[in-house]
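Below is one structure, written out as structure tokens, with a few remarks after it.
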Amino acid sequence: MNVVFAVKQYVSKMIEDSGPGMKVLLMDRETTGIVSMVYTQSEILQKEVYLFERIDSQNREIMKHLKAICFLRPTKENVDYLIQELRRPKYSIYFIYFSNVISKSDVKSLAEADEQEVVAEVQEFYGDYIAVNPHLFSLNILGCCQGRNWDPAQLSRTTQGLTALLLSLKKCPMIRYQLSSEAAKRLAECVKQVITKEYELFEFRRTEVPPLLLILDRCDDAITPLLNQWTYQAMVHELLGINNNRIDLSRVPGISKDLREVVLSAENDEFYANNMYLNFAEIGSNIKNLMEDFQKKKPKEQQKLESIADMKAFVENYPQFKKMSGTVSKHVTVVGELSRLVSERNLLEVSEVEQELACQNDHSSALQNVKRLLQNPKVTEFDAARLVMLYALHYERHSSNSLPGLIVDLRNKGVSEKYRKLVSAVVEYGGKRVRGSDLFSPKDAVAITKQFLKGLKGVENVYTQHQPFLHETLDHLIKGKLKENLYPYLGPSTLRDRPQDIIVFVIGGATYEEALTVYNLNRTTAGVRIVLGGTTVHNTKSFLEEILASGLHSRSKESSQVPSRPASRR
């Protein structure tokens with residue numbers, strides 16, 4: 001179960017099926033992102049695709065010497081664009097691929113528009129999601145719910161994305177969902193409806209143990225997306241933001257022009273592939289090794305190019321050297337900027353207190369540490385608000401809860417009203433009243449003993465003590481201990497055997513910390529394959545935007561009397 005490979009195969013097949021000759025790839029806004037995650041432009045150029053165009057671009061030239069490969073989402077808008085295109089074709093022949101199920105009536109409309117008979121084929125290739133890592137996918141939807149219920153348009157898009165994922169991996173799963181979430185039940189029902197309606201598409205070879213789709217809701221664990229991260233991929237997303245593998249470095253002081261935007265993709269960056277899950281300290285020493293390796297291979301200035309053979313050797317090695325030079329400068333810049341932000345924002349100290357809030361149960365120590373950091377001028381308003389949010393979630397019902405005092409401290413620090421209001425919005429989004437799980441206290445004697453022993457031994461790394469709640473959920477699921485009264489099956493049948501192929505989907509967004517958990521479980525659990533997906537992949541900033549978009553903040557109260565506006569939809 002590799003989602004990057006699945007989408008890559010679709011794109012390769014489209015290009016192969018169109019045969020030899022020069023081609024144009026015609027896409028829409030979403031499929032452009034889907035393709036760019038699995039192929040670089042130079043890789044596609046090698047397959048005779050010389051032009052990349054958007055179907056909605058008005059000023060495309062007529063180029064009858066090119067074949068058109070169209071890869072589009074099956075939306076009404078795209079079908080209309082295609083109808084216009086086929087009435088006045090700009091290219092010699094069209095191979096049309098929709099990223100999801102297309103209705104018979106739409107196919108009929110396209111056939112009627114194809115008066116010049118330029119369409120060679122129309123097919124469905126189910127690459128209707130963003131493949132982030134081999135075991136992680138996203139739909140890039142921010143703000144999927146209004147209050148606790150689905151935004152209807154986003155429910156429809158999520159159902160399409162999730163059913164396309166199942167089709168691309170050739171899985172017809174049993175479905176379990178989080179009972180405490182109405183949105184999870186609704187999505188489970190919608191996916192089931194599509195499987196029933198399109199039963200012919202889902203007729204895959206039966207496996208001994210059927211695959212399992214587990215649908216969860218972000219509000220069951222609002223802690224994980226609020227924490228600072230210390231592994232490379234997660235840290236880059238938290239501090240710089242990753243958007244379809246692209247990182248905007250334009251705000252970095254003194255940045256050179258060619259590094260204003262860089263791409264981090266494990267598919268074609270060996271250093272990133274080997275380091276994306278390692279801790280920041282290890283990255284530092286690996287960057288040093290990369291630099292030293294680079295220095296050794298660097299062409300000597302005085303190197304004499306005397307013979308034809310010398311010149312030939314230099315030219316042959318140059319592209320490899322140039323690629324390595326680009327990799328080195330990119331990672332040195334990214335790691336340098338991460339280091340600058342860590343020291344500028346005092347993140348080591350902040351993160352230590354975040355971990356204490358997420359993993360320990362000592363209220364007076366936690367309160368003291370939060371108050372101390374709120375007095376520190378280096379701690380930004382964003383990090384100050386984040387600490388108070390974590391405190392509010394953990395000690396929501398503690399007898400000595402001091403949240404009102406901390407809100408006053410935030411105001412005295414000059415933290416904006418937006419962030420102060422978000423503290424109570426976060427509690428409304430993922431507080432005790434909403435959660436179906438107990439995030440903070442160990443549940444049984446074994447867990448209590450484990451926590452006690454962990455406390456005795458001390459923690460290997462104080463910054464990465466936290467395990468996402470997803471780890472426990474998946475651990476129970478794999479062992480056959482996940483309670484059916486909390487995570488019921490949709491429909492009468494249940495799974496008797498231990499599951500082997502598991503697809504987990506998080507409404508409201510997954511995180512890179514959870515992706516790391518899944519990566520480690522895949523590595524260490526024999527016979528189990530897990531893929532994680534979410535409506536999006538969050539960092540703290542986008543998670544708070546998710547809460548704003550849900551409109552929950554407009555109902556939350558804050559000690560200042562300014563009325564809050566309902567969230568504008570994004």
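Before moving on, here are some points about what is shown:
- When Val531 is tested against the conditions (1) in a strand (DSSP E or B); (2) touching a Leu at 6+ places or on another chain (Cβ under 6 Å); (3) aliphatic (A, V, I, L, M), the lone failure is (2).
- Residue satisfying all of: in the range 393-423; within 21 Å of Glu238 (Cα to Cα) and in contact (Cβ under 8 Å) with a residue 24 or more places away in the chain; surrounded by the fewest Cβ atoms within 10 Å (Cβ to Cβ) among these: Ser416
- Residue within the range 290-302 that is within 22 Å of the chain's Cα centre (by Cα) and either open to solvent by 60 Å² or more (accessible area, probe 1.4 Å) or at pLDDT below 80 (or both) present: no
- Asn243 passes every criterion in (1) touching a residue at least 12 places away in the same chain (Cβ under 8 Å); (2) open to solvent by 50 Å² or more (accessible area, probe 1.4 Å) apart from (1).
- Residues that are open to solvent by 10 Å² or more (accessible area, probe 1.4 Å) and not in a loop (DSSP other than H, G, I, E, B), drawn from the range 221-232: Thr231
- If you go through the range 216-254 and keep only what is in contact with a Lys or Arg (Cβ under 7 Å, 6 or more places away or on another chain) and more than 30 Å from Glu349 (Cβ to Cβ), you end up with nothing.
- Pairs where the first residue, in the range 51-68, is within 16 Å of Val35 (Cβ to Cβ) and the second is in a loop (DSSP other than H, G, I, E, B) and among the aliphatic types (A, V, I, L, M), C-beta under 8 Å, 6+ apart: Leu51/Met63; Leu51/Leu66
- In the range 462-489, of all residues being open to solvent by 40 Å² or more (accessible area, probe 1.4 Å) and assigned to a loop (DSSP other than H, G, I, E, B), the one that is nearest to Phe280 (Cα to Cα) corresponds to Gln467.
- Tally of residues being buried (at least 24 other Cβ atoms within 10 Å of the Cβ) and among the β-branched types (Val, Ile, Thr) across the range 117-154: 2
- Pairs, first farther than 15 Å from Tyr429 by Cβ in the range 139-160, second of a type in the set (A, V, I, L, M) and open to solvent by 20 Å² or more (accessible area, probe 1.4 Å), C-beta under 7 Å, six or more apart: Thr159/Val194
- Restricting attention to the range 258-289, the residues being of a type in the set (Val, Ile, Thr) and part of a strand (DSSP E or B) number 2.
Here is a yes/no grid of residues against (1) at pLDDT 95 or above; (2) assigned to a loop (DSSP other than H, G, I, E, B); (3) touching a Cys at 6+ places or on another chain (Cβ under 6 Å); (4) open to solvent by 10 Å² or more (accessible area, probe 1.4 Å):
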| position | (1), (2), (3), (4) |
| --- | --- |
| Leu495 | no, yes, no, yes |
| Ala515 | yes, no, no, no |
| Arg523 | no, no, no, yes |
| Glu546 | no, no, no, no |
| Ser554 | no, no, no, yes |
| Gln561 | no, yes, no, yes |
| Arg565 | no, yes, no, yes |
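- Here the range 177-188 is the region considered, the condition is being open to solvent by 10 Å² or more (accessible area, probe 1.4 Å) and touching a Leu at 6+ places or on another chain (Cβ under 9 Å), and the residue that is farthest from Leu212 (Cα to Cα) is Ser180.
The values are calculated or read from the model by the stated rules, or taken from the named source; none is laboratory data. Keep in mind that this is a model prediction, so the values were computed, not measured. Because the Cβ atoms are built from the backbone with ideal geometry, glycine has one as well, and the counts that use them run over all protein chains shown. When the accessible area is computed, the model is the full protein with side chains, heavy atoms only, and any ligands, DNA or RNA have been set aside. Shrake-Rupley method; radii C 1.70, N 1.55, O 1.52, S 1.80 Å.
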